[in-house]
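Asks: Below is the structure I would like to discuss, written out as structure tokens.
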Amino acid sequence: MLTIENLFVSVEDKPILKGLDLTVPAGQVHAIMGPNGAGKSTTSYTIAGREGYDVTGGRILLDGEEITGLAPDERAEKGVFLAFQSPIEIPGVSTMNFLKTSVNGMRRRRGQDEYDTVSFLRRVREVARALNVTEDMLKRTLNTGFSGGERKRNEVLQMTLLEPKLAILDETDSGLDIDALRLVSEGVNALRAPDRSFLVITHYQRLLDYIEPDVVHIFADGRIVMSGDKTLARRLEDYGYDTVIAEAA
Ligand code: ADP
Ligand code: MG
Ligand code: MG
């Protein structure tokens, strides 16, 4: 589903990603862990096509098709979804209107039928209930006055409605209490499908107790330095990055 080949990325002429290779097959969940400043968020922004992240070498493929040079909306159309580390507020736009506009806009571009008002409301309420997103939150201005947990739940609501092929969650667990963590994880697990892949960036093993990864990668200094199964996350939690990486070397 996702293939990253020897990727080099600079931000403001500073090299951040330095030869990143990563393959996430369809249907799998890959976790990325690693110290602060390693380039994890840079990776997610670069996959999503954010401005200012200059690819100076290598390429990114989705479903075998190169997306390296595409605009963010073109990548979204092809099925890339990024849940932000800090979801932004959009004053003056209600959450419900935002959801309907973005979901129907994306369905139109993908050649899918748009939701009419009644069927959209039914679908949103069904997903919102599972994520404990209240009617009040749906009526409020997008993310304004939302707590950290409410914003994250709202991101997963949006992700679910957009039906991505590749969902990237960048520290979606940071700032979540245990109940919100469980709701967000259940939301992600409900989305797991043979034709959908996940890249889950996290600092904490705890999230991976709920979202069981097929592969765990350790990121350091702009690339993946080690990969393993889910027990790798546990070893990192117990012994720290330096020890686990040194042991492998
Ligand atoms: P992580 O998510 O692993 O903590 P980031 O990808 O956020 O790491 O950052 C990697 C490096 O890139 C850091 O040294 C950070 O300071 C730098 N960086 C990231 N974004 C920018 C930016 N917009 N401008 C300047 N430097 C940046
Ligand atoms: Mg960071
Ligand atoms: Mg980050």
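The values are calculated or read from the model by the stated rules, or taken from the named source; none is laboratory data. Keep in mind that what you see is a predicted model, and the values were worked out from it rather than measured. Using ideal geometry, Cβ is built from the backbone for each residue, glycine included, and neighbour counts are taken over all protein chains shown. The area values use the complete protein model at the heavy-atom level, side chains included, leaving out ligands, DNA and RNA. Shrake-Rupley method; radii C 1.70, N 1.55, O 1.52, S 1.80 Å.
Asks: For the stretch 66-85, does any single residue satisfy the condition of being touching a residue at least 12 places away in the same chain (Cβ under 8 Å), over 15 Å from the mean Cα position of the chain (by Cα) and within 16 Å of ligand 3 (Cβ to nearest atom)?
Replies: Within the stretch 66-85, none of the residues are touching a residue at least 12 places away in the same chain (Cβ under 8 Å), over 15 Å from the mean Cα position of the chain (by Cα) and within 16 Å of ligand 3 (Cβ to nearest atom).
Asks: Same structure, new question: Just checking, does the stretch 164-178 include any residue being within 16 Å of ligand 2 (Cβ to nearest atom), within 17 Å of the chain's Cα centre (by Cα) and part of a helix (DSSP H, G or I)?
Replies: Taking every residue of the stretch 164-178 in turn, none turns out to be within 16 Å of ligand 2 (Cβ to nearest atom), within 17 Å of the chain's Cα centre (by Cα) and part of a helix (DSSP H, G or I).
Asks: Farther than 22 Å from Glu171 by Cα, more than 16 Å from ligand 1 (Cβ to nearest atom) and either of a type outside the set (A, V, I, L, M, F, W, C) or surrounded by 17 or more Cβ atoms within 10 Å (Cβ to Cβ) (or both), is that true of Glu89? Lay out the reasoning, then the answer.
Replies: Values: farther than 22 Å from Glu171 by Cα: no; more than 16 Å from ligand 1 (Cβ to nearest atom): yes; either of a type outside the set (A, V, I, L, M, F, W, C) or surrounded by 17 or more Cβ atoms within 10 Å (Cβ to Cβ) (or both): yes.
Against the criterion (farther than 22 Å from Glu171 by Cα, more than 16 Å from ligand 1 (Cβ to nearest atom) and either of a type outside the set (A, V, I, L, M, F, W, C) or surrounded by 17 or more Cβ atoms within 10 Å (Cβ to Cβ) (or both)), Glu89 does not qualify.
Asks: Kindly indicate whether any position in the stretch 61-84 is open to solvent by 40 Å² or more (accessible area, probe 1.4 Å), assigned to a loop (DSSP other than H, G, I, E, B) and either closer than 30 Å to Asp242 by Cβ or among the β-branched types (Val, Ile, Thr) (or both).
Replies: Yes, there is a match, as at least one residue in the stretch 61-84 is open to solvent by 40 Å² or more (accessible area, probe 1.4 Å), assigned to a loop (DSSP other than H, G, I, E, B) and either closer than 30 Å to Asp242 by Cβ or among the β-branched types (Val, Ile, Thr) (or both).
Asks: Identify, please: which residue in the stretch 37-56 is surrounded by fewer than 16 Cβ atoms within 10 Å (Cβ to Cβ) and touching a residue at least 24 places away in the same chain (Cβ under 8 Å) and is, among those, farthest from ligand 3 (Cβ to nearest atom)?
Replies: Just the residues of the stretch 37-56 that are surrounded by fewer than 16 Cβ atoms within 10 Å (Cβ to Cβ), to begin with: 37, 50-52, 54, 56.
Okay, now just the ones that are also touching a residue at least 24 places away in the same chain (Cβ under 8 Å), so 52, 54, 56.
On the way: Gly52: 15, Asp54: 18, Thr56: 20 Å.
Looking at residues that are surrounded by fewer than 16 Cβ atoms within 10 Å (Cβ to Cβ) and touching a residue at least 24 places away in the same chain (Cβ under 8 Å), I get Thr56.
Asks: Additional query: Search the stretch 206-234 for residues that are under 17 Å from Glu5 (Cα atoms) and pair each with any residue that is among the acidic types (Asp, Glu) and open to solvent by 10 Å² or more (accessible area, probe 1.4 Å) when their beta-carbon atoms are under 9 Å apart and the residues are at least 6 apart or on different chains.
Replies: Every condition considered, the pairs that remain are Arg223/Asp21; Ile224/Asp21.
Asks: Would you point out the residue of the stretch 179-202, among those that are open to solvent by less than 30 Å² (accessible area, probe 1.4 Å) and part of a helix (DSSP H, G or I), that is modelled with the lowest pLDDT?
Replies: The qualifying residue modelled with the lowest pLDDT is Ala180.
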